[in-house]
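For reference, the structure discussed in these notes is given below.
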Ligand SMILES: [Zn+2]
Ligand SMILES: [Zn+2]
């Protein structure tokens, strides 16, 4: 028996070793940045598209007009005007594109030293860029391993405990606890999905709220049990070192920095990874990104409008007009990129006016969605006035979600805009100079506590209430 037992345990040990090794290998593969050529491929494609647009617009449309060729789409004067405007917009766009392609977003590794991981007590880094995949995984794990019910002492404390008590109360893993699902039906949180899912998977908490906001859910079997219907932002202390530690890079990330898997490094004020420019958009190139998108919108709009206009006019006045197939290609291309870049421009102007990165906006959007669901439980869909009043009541207690409730909100759209785009008008249109944002120093909204939790209005500094 003994030899058999030993051999079985030996085999198991070997199997475990192989599994562990395979897991490590796959982890290492996942952590590897994309190869250079993959990251930069779309840059070459973009350059090719610009060059082709130039050839068709100038060579096949403007030059025949200027030469007064038979079949030209317009007069010489029109040809020269179109050519000049096209070249000005095109050169501005190329200048801005060159600037964004060669301006690094700012990398955390150039500014922080490696350090050992702070005691995380089982908690992983609170956020990375693989939101959807990690969320699905975390939710799956949470569903497979439902957290144990709270010990009696905890429930007791949650009923009678003060807000301050709750804040101090640590979880099993040493962190102040995050909201759980069933008991906090109305609880919203500002965490990005990954953090929320992980918090759910690892912690349990009964959120204490102002009694006036606690209402029973009508018609439920459990109507005597108080259910929370209020704005209850996350209690997760996201500014604490253990939440800002990057396991992959081995250092503590500056505020607002996140790890980009495509680039394989932590990026300062990470906004998003942009394949069209071949790297990330972050603190030090967000301004140039917006300037590039602005000129790209004008360039695409000009090419699209003039090509469509001239060809439409020619097809109306000439009986045997045959449209050039290459011009159709450019009309389609410029039309597509006009829609794409306009959407980008509008989105980023709104984000910059809120001093929010794309990643941070995900958390805010999630909080809004959850609040909508809570309102749906409180009031029927046609009770718009009641819904508005409830939101007003919550706003009076907390401030507004994307403003007072955003950790990096500076108090006004103008201040937010200038923090990224600079305080001089030329900085908003010309790709010269530097970004006003160094990616390292950010002022935390004073409506948050030192660990990064949104405070209700009555806990704000007196001058802000
Ligand atoms: Zn990192
Ligand atoms: Zn990246």
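The values are calculated or read from the model by the stated rules, or taken from the named source; none is laboratory data. Bear in mind that the values here come from a model prediction, so they are computed numbers and not experimental data. Using ideal geometry, Cβ is built from the backbone for each residue, glycine included, and neighbour counts are taken over all protein chains shown.
Whether any residue in segment 329-337 is touching a residue at least 60 places away in the same chain (Cβ under 8 Å), surrounded by fewer than 16 Cβ atoms within 10 Å (Cβ to Cβ) and in a helix (DSSP H, G or I) is what I want to check. Within segment 329-337 (the criterion being touching a residue at least 60 places away in the same chain (Cβ under 8 Å), surrounded by fewer than 16 Cβ atoms within 10 Å (Cβ to Cβ) and in a helix (DSSP H, G or I)), the answer is yes, since at least one residue qualifies.
Considering the conditions (1) modelled with pLDDT of 95 or more; (2) farther than 30 Å from residue 259 by Cβ; (3) surrounded by fewer than 17 Cβ atoms within 10 Å (Cβ to Cβ), residue 303 is excluded by exactly one of them, (3).
Within segment 43-64, is even one residue in contact with a strand residue (DSSP E or B) (Cβ under 9 Å, 6 or more places away or on another chain), within 29 Å of residue 99 (Cβ to Cβ), modelled with pLDDT of 95 or more and assigned by TED's automatic domain parsing to the domain that holds residue 335?
Within segment 43-64, the subset in contact with a strand residue (DSSP E or B) (Cβ under 9 Å, 6 or more places away or on another chain) is none.
No: segment 43-64 contains no residue that is in contact with a strand residue (DSSP E or B) (Cβ under 9 Å, 6 or more places away or on another chain), within 29 Å of residue 99 (Cβ to Cβ), modelled with pLDDT of 95 or more and assigned by TED's automatic domain parsing to the domain that holds residue 335.
The single condition among (1) assigned to a helix (DSSP H, G or I); (2) over 30 Å from residue 305 (Cβ atoms); (3) in contact with a helix residue (DSSP H, G or I) (Cβ under 7 Å, 6 or more places away or on another chain) that residue 410 does not meet is (1). Go through the residues of segment 240-258 one by one and say whether even a single one is crowded, with 24+ Cβ neighbours inside 10 Å, within 16 Å of ligand 2 (Cβ to nearest atom) and not in a loop (DSSP other than H, G, I, E, B). The answer is yes; a qualifying residue exists. Just so you know, in segment 434-448 the residues that are within 21 Å of residue 235 (Cα to Cα) and without any contact (Cβ under 8 Å) to a residue 40 or more places away in the chain include one that is surrounded by the fewest Cβ atoms within 10 Å (Cβ to Cβ), and it is 443.
Any residue at all in segment 221-230 that's away from ligand 2 (no atom under 16 Å from the Cβ), touching a helix residue (DSSP H, G or I) at 6+ places or on another chain (Cβ under 6 Å) and either at pLDDT below 80 or in a loop (DSSP other than H, G, I, E, B) (or both)? It would help to see each step written out before you state the result.
Filtering segment 221-230 down to residues away from ligand 2 (no atom under 16 Å from the Cβ) leaves 221-230.
Now narrow it down to the ones that are touching a helix residue (DSSP H, G or I) at 6+ places or on another chain (Cβ under 6 Å): 229-230.
Among the residues that remain, those that are also either at pLDDT below 80 or in a loop (DSSP other than H, G, I, E, B) (or both) are: 229-230.
Yes; the residues of segment 221-230 include at least one that is away from ligand 2 (no atom under 16 Å from the Cβ), touching a helix residue (DSSP H, G or I) at 6+ places or on another chain (Cβ under 6 Å) and either at pLDDT below 80 or in a loop (DSSP other than H, G, I, E, B) (or both).
Kindly indicate whether any position in segment 265-276 is over 15 Å from the mean Cα position of the chain (by Cα), outside any loop (DSSP other than H, G, I, E, B), within 13 Å of ligand 2 (Cβ to nearest atom) and surrounded by fewer than 22 Cβ atoms within 10 Å (Cβ to Cβ). Before you say what the answer is, go through the steps one by one.
Taking segment 265-276 and keeping what is over 15 Å from the mean Cα position of the chain (by Cα), we get 265, 275-276.
If we keep only those that are outside any loop (DSSP other than H, G, I, E, B) too, we end up with 265.
When the remaining residues are screened for being within 13 Å of ligand 2 (Cβ to nearest atom), the result is 265.
With the extra rule that they be surrounded by fewer than 22 Cβ atoms within 10 Å (Cβ to Cβ), the set shrinks to 265.
Yes, there is a match, as at least one residue in segment 265-276 is over 15 Å from the mean Cα position of the chain (by Cα), outside any loop (DSSP other than H, G, I, E, B), within 13 Å of ligand 2 (Cβ to nearest atom) and surrounded by fewer than 22 Cβ atoms within 10 Å (Cβ to Cβ).
Against the numbered list (1) under 23 Å from the mean Cα position of the chain (by Cα); (2) under 16 Å from residue 230 (Cα atoms), residue 402 comes up short only at (2). On the stretch given as segment 277-312, residues that are outside any strand (DSSP E or B) and over 30 Å from residue 71 (Cβ atoms) total 18.
With the condition kept exactly as written, say whether any residue in segment 282-289 is within 16 Å of ligand 1 (Cβ to nearest atom), touching a residue at least 60 places away in the same chain (Cβ under 8 Å) and surrounded by fewer than 24 Cβ atoms within 10 Å (Cβ to Cβ).
In the first step, residues of segment 282-289 are kept if they are within 16 Å of ligand 1 (Cβ to nearest atom); the result is 282-283.
Then keep just the ones that are touching a residue at least 60 places away in the same chain (Cβ under 8 Å); that gives 282-283.
This time we only want the ones that are surrounded by fewer than 24 Cβ atoms within 10 Å (Cβ to Cβ), so: none.
No, that holds for no residue.
Residues that are touching a strand residue (DSSP E or B) at 6+ places or on another chain (Cβ under 6 Å) and under 25 Å from residue 455 (Cβ atoms) were ranked within segment 238-274; the one that is farthest from ligand 1 (Cβ to nearest atom) is 241. Taken over segment 67-93, the criterion of being in a helix (DSSP H, G or I) and surrounded by fewer than 18 Cβ atoms within 10 Å (Cβ to Cβ) is satisfied by 67, 76, 77, 78, 80, 81, 83, 84, 85, 87, 88, 91.
Okay, residues lined up against (1) at pLDDT 95 or above; (2) farther than 17 Å from residue 350 by Cα:
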residue	(1), (2)
391	no, yes
397	no, yes
403	no, no
424	no, yes
429	yes, no
459	no, yes
